[in-house]
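Peer 1: One structure, as structure tokens, below. Some questions next.
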Amino acid sequence: MTMTEAIQEFGFDCKIRKLSQKTISNYQKQLKYLQRFLESEFGVKDVEGIRSIHIKQFLAMKDDQGCKARYHARLEPPDRCDIRRITFKIL
């Protein structure tokens with residue numbers, strides 16, 4: 001399955017779970033950021049090609065950029081750093 005297909009399927013799953021469109025859009029935006037990282041850094045285009053080291057390097061890069069994981073989405077507005085939480089939901 002391609003990353004694009006996985007992101008789309010995850011969006012459908014979120015819709016079925018009755019998440020808000022704003023939340024779904026934010027998740028998809030952040031997953032597309034991960035997708036670009038995987039393609040540019042490792043040439044990974046399919047979900048099957050993702051390895052734990054890829055995710056660890058992505059999260060390390062986000063840490064270097066000063067992003068913090070957010071676990072209380074209802075208490076804080078979403079931002080480009082929420083990728084930690086949703087990365088593991090899709091994988």
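Peer 1: Which one is surrounded by the fewest Cβ atoms within 10 Å (Cβ to Cβ), of the residues in the stretch 14-38 that are assigned to a helix (DSSP H, G or I) and over 14 Å from the mean Cα position of the chain (by Cα)?
Peer 2: Among residues in the stretch 14-38 that are assigned to a helix (DSSP H, G or I) and over 14 Å from the mean Cα position of the chain (by Cα), the one surrounded by the fewest Cβ atoms within 10 Å (Cβ to Cβ) is Ile16.
Peer 1: Mind checking which residues of the stretch 1-41 are under 20 Å from Cys67 (Cβ atoms) and either of a type in the set (S, T, N, Q) or touching a His at 6+ places or on another chain (Cβ under 8 Å) (or both)?
Peer 2: Of everything in the stretch 1-41, those that are under 20 Å from Cys67 (Cβ atoms) and either of a type in the set (S, T, N, Q) or touching a His at 6+ places or on another chain (Cβ under 8 Å) (or both) turn out to be Thr23, Ser25, Asn26, Gln28, Gln30, Gln35, Leu38, Ser40, Glu41.
Peer 1: What pairs come up if the first residue lies in the stretch 1-19 and is farther than 23 Å from Glu39 by Cα, the second is outside any helix (DSSP H, G or I), and their beta carbons are under 7 Å apart, counting only those six or more places apart or on different chains?
Peer 2: If the second residue must be outside any helix (DSSP H, G or I), no pairs are left.
Peer 1: Give the residues of the stretch 39-64 that are part of a helix (DSSP H, G or I) and within 15 Å of Thr2 (Cβ to Cβ), sorted by residue number.
Peer 2: Answer for the stretch 39-64, where residues must be part of a helix (DSSP H, G or I) and within 15 Å of Thr2 (Cβ to Cβ): Glu39, Phe42, Val47, Glu48, Gly49.
Read-outs: derived from the displayed coordinates by stated rules, not from any lab. Here the structure is a predicted model, which is why all the values come from computation and not from measurement. FYI the Cβ positions are ideal-geometry reconstructions off the backbone, even for glycines, and counts take in every protein chain you see.
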